[in-house]
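To start, the structure under review is shown below, and the notes come after it.
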Amino acid sequence: MRLIAGLALAAALAAPLGACATSEQELPKPAQTSEAGPPTEISIVGNNGSEIGKATFSPAPQGVLIRILVHAGGLTPGWHGTHLHMVGDCSDTAKFEHAGGHIQKTNTNHGLLYVHGPENGDLPNISAAGDGSAAAELYTGLITMADLQDADGSSLVIHAQADDHVSQPIGNAGDRVGCAVIK
């Protein structure tokens with residue numbers, strides 16, 4: 001009985017490891033819902049200005065579903081903070097500062113776990129594999145596609161380190177290493 005329980009536990013723990021090897025071609029495309037509109041696919045650029053991956057934003061009735069696919073070598077291995085920023089501008093590739101701060105439609109502070117948070121642009125972390133690739137699907141009910149596609153657009157920003165979801169102002173997530181313009 002212990003052997004069966006041990007094998008079940010090992011299988012459960014190993015299952016997520018197989019997901020890391022999933023290629024972009026094997027992932028199903030998000031479906032279009034008649035109420036929400038078509039998905040929007042955008043390029044993610046790194047600090048050298050080259051494309052490091054793609055992001056797909058699918059409008060949902062109560063928020064946005066975001067799929068992030070980063071090519072091998074696009075990120076350093078490990079966890080990376082992700083946020084939605086106020087301005088759709090990734091032209092200053094060295095630091096991506098033209099993207100502005102996190103989207104904040106209400107008087108809240110940064111952090112999914114912060115008692116006075118979260119901001120509308122706060123998202124969960126993503127994890128890059130040993131080869132620097134990443135595949136993640138995130139949902140946020142804090143924002144809509146209409147909010148993201150306002151007059152000046154917005155940006156998806158990937159940070160160098162994990163977001164601790166509490167520290168102010170950006171969760172101790174470090175430099176901006178990836179950026180995608182949402183228009």
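The values are calculated or read from the model by the stated rules, or taken from the named source; none is laboratory data. Note that this is a predicted model, so its numbers are computed, not measured. Positions of Cβ are backbone-derived with ideal geometry, glycine not excepted, and every protein chain shown enters the neighbour counts.
On the given criteria, is Asp147 under 21 Å from Thr40 (Cα atoms), touching a residue at least 60 places away in the same chain (Cβ under 8 Å) and surrounded by fewer than 18 Cβ atoms within 10 Å (Cβ to Cβ)? It is false that Asp147 is under 21 Å from Thr40 (Cα atoms), touching a residue at least 60 places away in the same chain (Cβ under 8 Å) and surrounded by fewer than 18 Cβ atoms within 10 Å (Cβ to Cβ). Within region 150-170, residues that are under 23 Å from Lys183 (Cα atoms) and modelled with pLDDT of 95 or more have Cβ atoms under 9 Å from residues that are part of a loop (DSSP other than H, G, I, E, B) and of a type in the set (S, T, N, Q) in these pairs: His159/Asn125, counting only partners at least 6 apart in sequence or on another chain. Applying the selection to region 79-128, what residues are without any contact (Cβ under 8 Å) to a residue 40 or more places away in the chain and among the charged types (D, E, K, R)? Passing the criteria: Asp92, Glu119. If you go through region 133-155 and keep only what is in a loop (DSSP other than H, G, I, E, B), over 16 Å from Thr106 (Cα atoms) and of a type in the set (A, V, I, L, M), you end up with just Ala151. Only one of these is more than 16 Å from His85 (Cβ to Cβ), buried (at least 17 other Cβ atoms within 10 Å of the Cβ), of a type in the set (S, T, N, Q) and in contact with a strand residue (DSSP E or B) (Cβ under 7 Å, 6 or more places away or on another chain): Ser154, Ser133. Name it. Result: Ser133 is the single residue among Ser154, Ser133 that is more than 16 Å from His85 (Cβ to Cβ), buried (at least 17 other Cβ atoms within 10 Å of the Cβ), of a type in the set (S, T, N, Q) and in contact with a strand residue (DSSP E or B) (Cβ under 7 Å, 6 or more places away or on another chain). Gly174 meets all of the listed conditions (1) surrounded by 16 or more Cβ atoms within 10 Å (Cβ to Cβ); (2) under 16 Å from the mean Cα position of the chain (by Cα) but one, namely (1). Taking (1) in contact with a Ser or Thr (Cβ under 7 Å, 6 or more places away or on another chain); (2) farther than 22 Å from Thr40 by Cβ; (3) of a type outside the set (Val, Ile, Thr) in turn, Asn109 satisfies each apart from (1). Across region 55-78, the number of residues qualifying as within 11 Å of the chain's Cα centre (by Cα) and in contact (Cβ under 8 Å) with a residue 60 or more places away in the chain comes to 8. Counting residues in region 115-124 that are acidic (Asp, Glu), modelled with pLDDT of 95 or more and either within 10 Å of Asp163 (Cβ to Cβ) or surrounded by fewer than 23 Cβ atoms within 10 Å (Cβ to Cβ) (or both) gives zero.
The set of residues from region 75-102 being out of contact with any helix residue (DSSP H, G or I) (no Cβ under 7 Å at 6 or more places or on another chain), part of a loop (DSSP other than H, G, I, E, B) and surrounded by 21 or more Cβ atoms within 10 Å (Cβ to Cβ) comprises Leu75, Gly81, Gly88, Phe96.
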